[in-house]
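The values are calculated or read from the model by the stated rules, or taken from the named source; none is laboratory data. Worth saying up front: this structure is predicted, and the values here are computed from it rather than measured. Because the Cβ atoms are built from the backbone with ideal geometry, glycine has one as well, and the counts that use them run over all protein chains shown. What goes into the accessible areas is simple: the full protein's heavy atoms, side chains included, and nothing from ligands, DNA or RNA. Shrake-Rupley method; radii C 1.70, N 1.55, O 1.52, S 1.80 Å.
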Amino acid sequence: MPERRRTPTLPARLTARLPALRTPADPGCWRSPVRGARFTAVLGVVLLAGLTVLFVTGLLSYAAYNPDLDPVNDKTPGKGWLGFYLFAWPTGPHWLYRLTQGLHVTVGVVLVPVLLAKLWSVVPRLFALPPARSVGHALERLSLLLLVGGALFEFLTGLLNIQLDYLFPGSFYALHFYGAWVFLAGFVTHVALKLPRAVRVLRSGGIPRGGPDTLAAPDPLPATLSRRGALVMVGAGSLLLLVTSAGRSFDGPLRRTALLTPRGGTEQGQGANAFQVNKTAAAVGITPADTGERWLLTVRGPAGELRFSRAGLLAMEQHTAALPIACVEGWSTSDQLWRGVRLSDLAALAGYPDRPPAVFVESLQRSGSFRKAALRDNQVRDGRSLLALEVNGAPLSPDHGYPARIIVPAAPGVLNTKWVETLTFGEL
């Protein structure tokens, strides 16, 4: 009697049609035909150049605050030997900080698509098992962890700072500074391990002879986009971000295209004062009563304590300087024509007629960061460093620091203190 065949049950039939369950650790789980060694190598070389620019300009930005001059300038206390490179920030060229910080922010924004594409291209490696096959492999994985974690953290905090006045918990300056060094540890180690292979891959036009493409999918899906097309898409994304962010460093129509760097907008006053403002008088609690006729500037030094009204300052010898304002968020102005009293002349009145020293500046601002700041002696001595009373031929507006503000060549915007109340000359 022939054996009777059993008809599979419905659940069994459905199960048979389902593909085998694959985990992220299984290379077959990743089937994009775009992934490959050459694709990753191209992105890696672009990031090598761009991230180097970011790191160097970031360190320069930190040095520009002169954090080793006075505790009020130091937003990363306890940095220890990480501040080994700090130097006295120069006053020339007068556009120096505008250039370095503009590059820092713009390059950072432009690299976002490249960074995301690079992480996507190597994501299968993050799940590879075993986690460490040797000491060298363990070192590579550790460097990758520091590199990926540090890069994401730096980009996230940086983008929050330029977009939203920084909503991340903790001090932006401290977290961004220490995060940069963690990132650098992973970056340098990873480059040392991977750069020789990346160069060989690019020189050979693909994988070196005899070596498998370990980044390519073993069972790729049909291609809908070539690797060259994917690179073009990444480049187009970076170009779009460039167009919508770089304009904050330029005048004219380009400034209106900077939709992704909203800090320092275009409608910031009228007439001579119609240029960027980071913090307004109202935002920091400055009232007309604070800056009215009763306002007096206090100047301290060996000559004692001197007080000057705005009319008294206007009666002194006036000097002009064409200087920009450049902010850590990446926006800047063109050169504005400032007029006021030289800081070196005020230092002479305070008792330093020959060699002006550093100065400690205090603002009427009662809350917020940098209401107090210190300037180095080389900044005080520069003839373009002013206690400005006017800009572009008109009195300062309240939002631009009326009745008097500091303006110093090449200094970050926050050191150009507004609503100045006291200047104390002497060793800090």
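Computed values, structure above
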| quantity | calculated |
| --- | --- |
| Among the candidates Thr261, Thr214, Thr266, residue that is of a type in the set (S, T, N, Q), at pLDDT below 85, surrounded by fewer than 19 Cβ atoms within 10 Å (Cβ to Cβ) and in contact with a Lys or Arg (Cβ under 7 Å, 6 or more places away or on another chain) | Thr266 |
| Where a residue in segment 282-309 is closer than 16 Å to Ser344 by Cα and in contact (Cβ under 8 Å) with a residue 40 or more places away in the chain and its partner, wherever it lies, is assigned to a loop (DSSP other than H, G, I, E, B) and of a type outside the set (D, E, K, R), with Cβ under 7 Å and at least six apart | Leu297/Ala404; Gly301/Gly351; Gly301/Tyr352; Gly301/Gly426; Pro302/Gly351; Ala303/Gly351 |
| Any hit, segment 278-289, residues being open to solvent by less than 30 Å² (accessible area, probe 1.4 Å), at pLDDT below 95 and touching a helix residue (DSSP H, G or I) at 6+ places or on another chain (Cβ under 8 Å) | yes |
| Val328 part of a loop (DSSP other than H, G, I, E, B) and either among the hydrophobic types (A, V, I, L, M, F, W, C) or in contact with a Phe, Trp or Tyr (Cβ under 7 Å, 6 or more places away or on another chain) (or both) | yes |
| For Asp399: the one exception among (1) over 17 Å from Ala347 (Cβ atoms); (2) out of contact with any Lys or Arg (no Cβ under 9 Å at 6 or more places or on another chain) | (2) |
| Residue within segment 400-413 that is at pLDDT below 95, open to solvent by 20 Å² or more (accessible area, probe 1.4 Å) and more than 20 Å from Arg98 (Cβ to Cβ) present | no |
| Options Leu48, Leu14, Leu43; residue that is open to solvent by 90 Å² or more (accessible area, probe 1.4 Å) and either at pLDDT below 75 or assigned to a helix (DSSP H, G or I) (or both) | Leu14 |
| Candidates Ser334, Ser369, Ser363 - the one that is surrounded by fewer than 18 Cβ atoms within 10 Å (Cβ to Cβ) and in contact with an Asp or Glu (Cβ under 7 Å, 6 or more places away or on another chain) | Ser334 |
| Selection count where residues are within 23 Å of Leu99 (Cβ to Cβ) and out of contact with any strand residue (DSSP E or B) (no Cβ under 8 Å at 6 or more places or on another chain), scope segment 380-399 | 2 |
| Flag for Trp338 being within 19 Å of Phe275 (Cα to Cα), of a type in the set (Phe, Trp, Tyr), touching a residue at least 12 places away in the same chain (Cβ under 8 Å) and touching a Gly at 6+ places or on another chain (Cβ under 6 Å) | no |
| Qualifying residues in segment 297-324 (those that are over 28 Å from Asp335 (Cα atoms) and outside any strand (DSSP E or B)) - the one most open to solvent (accessible area, probe 1.4 Å) | Pro302 |
| Unmet requirement for Gln379, which otherwise passes all of (1) outside any strand (DSSP E or B); (2) polar (S, T, N, Q); (3) open to solvent by less than 50 Å² (accessible area, probe 1.4 Å); (4) in contact with a Gly (Cβ under 9 Å, 6 or more places away or on another chain) | (4) |
| Check on Ser332, hydroxyl-bearing (Ser, Thr, Tyr) and over 30 Å from Leu254 (Cα atoms) | no |
| Hey, Val232 modelled with pLDDT of 85 or more, within 34 Å of the chain's Cα centre (by Cα), under 29 Å from Val56 (Cβ atoms) and open to solvent by 50 Å² or more (accessible area, probe 1.4 Å) or not | yes |
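Conditions (1) free of Cβ contacts under 8 Å to residues at least 60 places away in the same chain; (2) within 30 Å of Thr157 (Cβ to Cβ), marked per residue:
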residue: Ser363; (1), (2): yes, yes
residue: Asp382; (1), (2): no, no
residue: Pro395; (1), (2): yes, no
residue: Asp399; (1), (2): no, yes
